[in-house]
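All of the numbers you see were taken from the coordinates with simple rules; none came from a lab. Given the structure is predicted, the values throughout are model-derived calculations rather than measurements. Here the Cβ is made from the backbone with ideal geometry for all residues, glycine too, and neighbour counts use every protein chain on show.
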Amino acid sequence: MKRDPEIQKVFEVADDTLQAIQGYHLYAIAAQRSSDKDKIAGYFPDRGIRITPVWGRYYDKYKLVDFFSSAIFEPIQARVSLIYITSVFNDSLSRFIHHLNEKGHRQDCSAHAHYRKQIVWAYKKCKRCPLCAVGNEETLKRLPITFGIIDDARRLRNLMVHNHGLFNAKYESDAVISDGIKIRLHPNYSEFKRNPQRPISAIIVTKDVLEFVWYHVEALHVLHNSIQEEFFGVTEGYSYQAEKKPFELKRILFGNSEVEI
């Protein structure tokens, strides 16, 4: 049986984008570390910076460049990458569910359901993947950890977007508990629990971003194989080599290796 092309496209777009996020993150960190801050300052407006079509704010461009030249750049870039990673994965789950429902394969989770519920849906689908069992025993055994990390990324993202990246009690209480998913907590969370009145930041860096990408990509591959097997009778797992997909950044970023920039 052939793979469903719409399901495969959802997978490939998310897979490519997650890999692109990793590449861009590594490039941004390398560029910042090797940059000349005086030259960078020359590209900024001198005294004011536009914040709306009509409003501006005065600032010191040298202070701004110094701020980003310090050790703070990496955790800021890591926050941006994390938000992008979780958005891409969340969207892929919604579109998987939407296409399955549209094709008459009714799911017990809505395409508009809370991301938390969609993670549980994806975890259950991955666990029922006979196609993945041969040669991927460690991947399947790791699923409770994999989805614990995926859910941790979701909750950390919520802190970044809704709470200035500061820990709160909901970070732990909102964790997914389903069929053995291993709850993972950021190491700095213990400081917050000792004194909840003290503002403690959820700091993530490049090693965390890489880990988040790896586990989201792995789960995405298992989920795609599981869907194609369960609903479309596909008996072979997805393979970059079989699909003749080289690692081309233009194709990964823009969907077209011939695009002119």
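Here the residues Ser81, Ser87, ranked from fewest to most Cβ neighbours within 10 Å of their Cβ, fall in the order Ser87, Ser81. Shown for Val176, Val209: other C-beta atoms within 10 Å of each C-beta, ranked fewest to most, produce the order Val176, Val209. Between Leu185 and Ala111, the distance separating the two model label sites (each 7 Å from Cα on the Cα→Cβ line) works out to 3.8 nm. Could you check which residue among His25, His186, His224 shows the biggest mean-square fluctuation in a GNM of the chain with a 10 Å Cα cutoff? It is His186.
Summing Cβ point charges (Lys, Arg +1; Asp, Glu -1) relative to the Cα centre of the chain gives a dipole of roughly 760 debye. Once you mark the GluC sites (Glu not before Pro) that are in a DSSP loop and have at most 12 other Cβ atoms within 10 Å, what is the longest gap between them in the chain? Result for the longest clean stretch: 1-235.
Helix 206-232 axis versus longest C-alpha principal axis of the chain: approximately 20°, rounded to the nearest ten.
FRET efficiency for the pair Glu230 and Thr52, taken as 1/(1 + (r/R0)^6) with r the Cβ-Cβ distance and R0 = 51 Å, rounds to 0.55. For a straight C-alpha distance cut-off of 22 angstrom, the lysines reachable from Lys63 (same-chain residues fewer than eight places away being disregarded) are Lys37, Lys39. Applying the criteria of a DSSP loop state and at most 14 other Cβ atoms within 10 Å to the trypsin sites (Lys or Arg not before Pro) of region 115-201 yields Arg128. By the count of neighbouring beta-carbon atoms within 10 Å, fewest first, Val80, Val10, Val88 end up ordered Val80, Val88, Val10. Cα centroids of region 164-236 and region 80-141: 14 Å apart. Remark: for residue pairs Lys141/Lys182; Lys2/Lys125; Lys117/Lys170, the C-alpha separation exceeds 18 Å in Lys2/Lys125. Rounded to the nearest 10 degrees, the angle from helix 5-33 to the longest Cα principal axis of the chain is 30 degrees. In a reduced charge model with +1 at each Lys and Arg Cβ and -1 at each Asp and Glu Cβ, region 185-246 shows a dipole moment near 480 debye about its Cα centre. Let me know the longest stretch in the chain that avoids all chymotrypsin sites (Phe, Trp or Tyr not before Pro) found in a DSSP loop with at most 15 other C-beta atoms within 10 Å. With a cap of 15 other Cβ atoms within 10 Å, the longest stretch comes to 60-239. Look at [x] 25; [y] 22; [z] 18: the one that is percent of Cα pairs over 35 Å apart derived from this structure is [x].
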